[in-house]
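Notes follow the structure.
The values are calculated or read from the model by the stated rules, or taken from the named source; none is laboratory data. Every value quoted in this text rests on a predicted model; they were computed, and no experiment measured them. Cβ sites come from the backbone with ideal geometry, for glycine too, and all protein chains shown count toward neighbours.
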Amino acid sequence: LNSWEIIEGLKIGQSNVQRPDKHEGFMLKKRKWPLKGWHKRFFVLDNGILKYSKSPIDIQKGKLHGSIDVGLSVMSIKKRARRIDLDTEEHIYHLKVKSQDIFDAWVSKLRHHRLYRQNEIVRSPREATMRTFPPPAAIESPQPAASVVHEAKVSSRFSSMLLRNKENFLLAGEQMGIPLTQQASNESRLSMSESVSEFFDAQEVLLSASSSENEEQKWINERDKLVQAAFRNGRRICLPAPCPDISNINLWNILRNNIGKDLSKVSMPVELNEPLNTLQRMCEEMEYSELLDKAAETEDPFERMVLVAAFAVSGYSSTYYRAGSKPFNPLLGETYECIREDKGFCFFSEQVSHHPPVSACHCESKNFTFWQDVRWKNKFWGKSMEILPIGSVNLVIPRFGDHYEWNKVTTCVHNILSGRRWIEHYGEITIRNTKSSACLCKLTFIKGNYWSSNVNEVQGFVMDQEGKVIHRLFGKWHEGLYCGIPPSAKCIWRPGSMPTDYELYYGFTRFAIELNELCPELKDALPRTDARFRPDQRHLEEGNLEMASSEKQRIEDMQRTRRKWNEENNIKHEPRFFKKVVDANHRERWVSNNTYWDLRKNPGFINMESTVMLW
């Protein structure tokens, strides 16, 4: 009675679920934002879809506050508290009923409607989703276009559900006479829709069927090229061990005395980390560096700014599945190097300051030079953790003499202590070309609110020096960025497909999987300060939690001892590969001192080993 019970879905062999009666009534619903307080709302449950508004009159008038597909939701109940939770992936809807009789009635009806809805989806996924999400009457557009968009919208949720309960759905379909080969084909089509079809609602834009097919084929080809490149270059395609189970860790005991504090100073169990650190995370932002290569070939300054904006947005895409863990905090003087011949860039980074923590990086290519120094402040607020970046990102494209500069937005990890964790980015990015006032770009990462069910949205524009908008940008930071006005908007960037079983491996992208790989030929070439040599991080990657925890404690103790000794002896740390400068606006910046690659070539980093004792 005191614990949560997850309601089972469609079982093997279960078919022809009888159509349930319509059910309606009032329930209490917890606010989406700011996630406190309960509001009385009127709910109508019909054919597996739960709609709600303020009153029955508003429902009749079509003034809906939201709509929940219970068939595509994970349903859990807590009997004693008379609580019902519906997890739709995008949101968790918290419902509560005061009367036990009414609670029992709602649970019974929701069970029935959920089974009926799931049975419809298994029998005919396309028709079921089409009936649930008909195109608005106010929009005049050819039916084929509407079907492409609506199927893609719901296929994303259905694919997620298949991943969660794949075996039961396939076996249930087999009992209904649907061949497994056909089901696999359907599943493949749905998963493909999730990755290559348009993600926006029909109310926002409708594309023609032909343009959608061309776009799909284009991205399939690009994805195949990326996969083939990984095999050609011999890079690994999977981590050595899956992520650990953290269900037995009581986060509240760890965090309750640190509300409002900077969590970078709080020691956490190693199980909460992922086998990468912040210096490597900075390199992840270069995953879609081909956008910068393309910008270096684009003559039009406004189109060039669009590509730079797409690159700025793409840096956030890898965080979508990473709410469950945090990167290791780099030690003072720790470094990281990444050479990608296939992408044509050389990257290195260094932890240049410990208090405050500052990470700096520098990346060179024949087409661009990229650098940034960022200070992160992490604060825990009871239910969520905010990550506030301070610093700037810089990009130079020598061919046109451009020097772009922009800031980063705030990141928030929700449901730290309970529920499904999810990441949100919000705030405004302003991209300026410091060498020219011809154009300016502003991007807004929209913060979720009570009235909107859309998450991860990005909107922006590129304007000239008179303030006239030249290009409009829109999309979602985890799904893609588009330029133009619907229905003729052009896709500028879309993330690559995720690896197999990514949920079991920290939610890493294909690019992230490769970052901590230590090839034999690199061991003698890298400085001993490189993050790949960190023993706690390496043990975690290999699944040895006991050694990872022990090494993490030892390294942190060494760091505290070293810092205390330096303070007592008035020794100031000097970064090896970066220097502090003051720009024209009197801001302190960390930039490369141009010694890393020269030292790597001659005589190598062997002379550093006697002075390096990070671990």
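Is at least one residue of segment 435-451 buried (at least 21 other Cβ atoms within 10 Å of the Cβ) and closer than 30 Å to ILE237 by Cα?
The answer is no; no qualifying residue exists.
Got a number for residues in segment 233-261 being outside any loop (DSSP other than H, G, I, E, B) and either in contact with a Phe, Trp or Tyr (Cβ under 9 Å, 6 or more places away or on another chain) or modelled with pLDDT of 80 or more (or both)?
The qualifying residues number 3.
Among the candidates ARG589, ARG554, ARG563, which residue alone is out of contact with any strand residue (DSSP E or B) (no Cβ under 7 Å at 6 or more places or on another chain), closer than 16 Å to PRO356 by Cα and surrounded by 10 or more Cβ atoms within 10 Å (Cβ to Cβ)?
On inspection, the qualifying residue turns out to be ARG563.
Before we move on, is VAL313 closer than 29 Å to ARG421 by Cβ, among the hydrophobic types (A, V, I, L, M, F, W, C) and free of Cβ contacts under 8 Å to residues at least 40 places away in the same chain?
In short, no.
So, in segment 338-357, how many residues would count as being under 24 Å from the mean Cα position of the chain (by Cα) and of a type in the set (D, E, K, R)?
2
So the check is Cβ under 6 Å with 6+ separation or different chains; which pairs have a first residue in segment 278-295 that's in contact (Cβ under 8 Å) with a residue 40 or more places away in the chain and a second one that's part of a loop (DSSP other than H, G, I, E, B) and among the charged types (D, E, K, R)?
Every condition considered, the pairs that remain are SER289/LYS343.
Only residues that are at pLDDT 95 or above and either charged (D, E, K, R) or under 12 Å from ILE237 (Cβ atoms) (or both): list them for segment 513-528, please.
Selection gives ILE513, GLU514, GLU517.
Which of the residues spanning segment 377-411 are surrounded by fewer than 19 Cβ atoms within 10 Å (Cβ to Cβ) and in contact with a Pro (Cβ under 9 Å, 6 or more places away or on another chain)?
Across segment 377-411, the qualifying residues are LYS377, ILE390, PHE400, ASN407, THR410.
Among the residues of segment 282-310, write down those that are part of a helix (DSSP H, G or I), acidic (Asp, Glu) and under 24 Å from ARG510 (Cβ atoms).
Correct list: GLU284, GLU290, ASP293.
With respect to TYR502, is the statement that it is more than 17 Å from ILE339 (Cα to Cα) and modelled with pLDDT under 95 true?
Criteria met by TYR502.
This table checks each residue for (1) surrounded by fewer than 24 Cβ atoms within 10 Å (Cβ to Cβ); (2) touching a Ser or Thr at 6+ places or on another chain (Cβ under 6 Å).
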site: ASN277; (1), (2): no, no
site: GLU284; (1), (2): yes, yes
site: THR298; (1), (2): yes, no
site: SER318; (1), (2): yes, yes
site: LEU331; (1), (2): yes, no
site: GLN351; (1), (2): no, yes
site: PRO357; (1), (2): yes, yes
site: LYS366; (1), (2): yes, no
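So, of the residues in segment 62-97 that are under 22 Å from the mean Cα position of the chain (by Cα) and part of a loop (DSSP other than H, G, I, E, B), which turns out to be modelled with the highest pLDDT?
Result: SER73.
Which one is nearest to LEU440 (Cα to Cα) among residues in segment 361-406 that are among the small types (Gly, Ala, Ser) and over 22 Å from the mean Cα position of the chain (by Cα)?
The residue in question is GLY401.
Could you list, in sequence order, all residues of segment 558-578 that are under 12 Å from LEU332 (Cβ atoms), of a type in the set (Lys, Arg) and without any contact (Cβ under 8 Å) to a residue 24 or more places away in the chain?
ARG560, LYS572
Does SER349 satisfy the condition of being in contact with a Phe, Trp or Tyr (Cβ under 9 Å, 6 or more places away or on another chain) and closer than 21 Å to SER592 by Cα?
Yes: the conditions hold for SER349.
Quick grid of which residues meet (1) basic (Lys, Arg); (2) touching a Cys at 6+ places or on another chain (Cβ under 6 Å); (3) buried (at least 17 other Cβ atoms within 10 Å of the Cβ); (4) assigned by TED's automatic domain parsing to the domain that holds SER353:
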| site | (1), (2), (3), (4) |
| --- | --- |
| LYS476 | yes, no, yes, yes |
| ILE485 | no, no, no, yes |
| TRP493 | no, no, yes, yes |
| SER497 | no, no, yes, yes |
| TYR505 | no, no, yes, yes |
| ALA512 | no, no, yes, yes |
| CYS519 | no, no, no, yes |
| ALA531 | no, no, yes, yes |
| ALA548 | no, no, yes, yes |
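In the list VAL306, VAL374, which residue meets the criterion of being among the β-branched types (Val, Ile, Thr) and surrounded by 22 or more Cβ atoms within 10 Å (Cβ to Cβ)?
Of the residues listed, the single one that is among the β-branched types (Val, Ile, Thr) and surrounded by 22 or more Cβ atoms within 10 Å (Cβ to Cβ) is VAL306.
Going by what's in this entry, would LYS109 be described as outside the structural domain of GLU479 (by TED's automatic domain parsing) and farther than 30 Å from VAL413 by Cα?
Yes.
Being out of contact with any Ser or Thr (no Cβ under 9 Å at 6 or more places or on another chain), within 24 Å of GLY401 (Cβ to Cβ) and in a strand (DSSP E or B), is that true of even one residue in segment 440-448?
Looking for residues that are out of contact with any Ser or Thr (no Cβ under 9 Å at 6 or more places or on another chain), within 24 Å of GLY401 (Cβ to Cβ) and in a strand (DSSP E or B), one finds none in segment 440-448, hence no.
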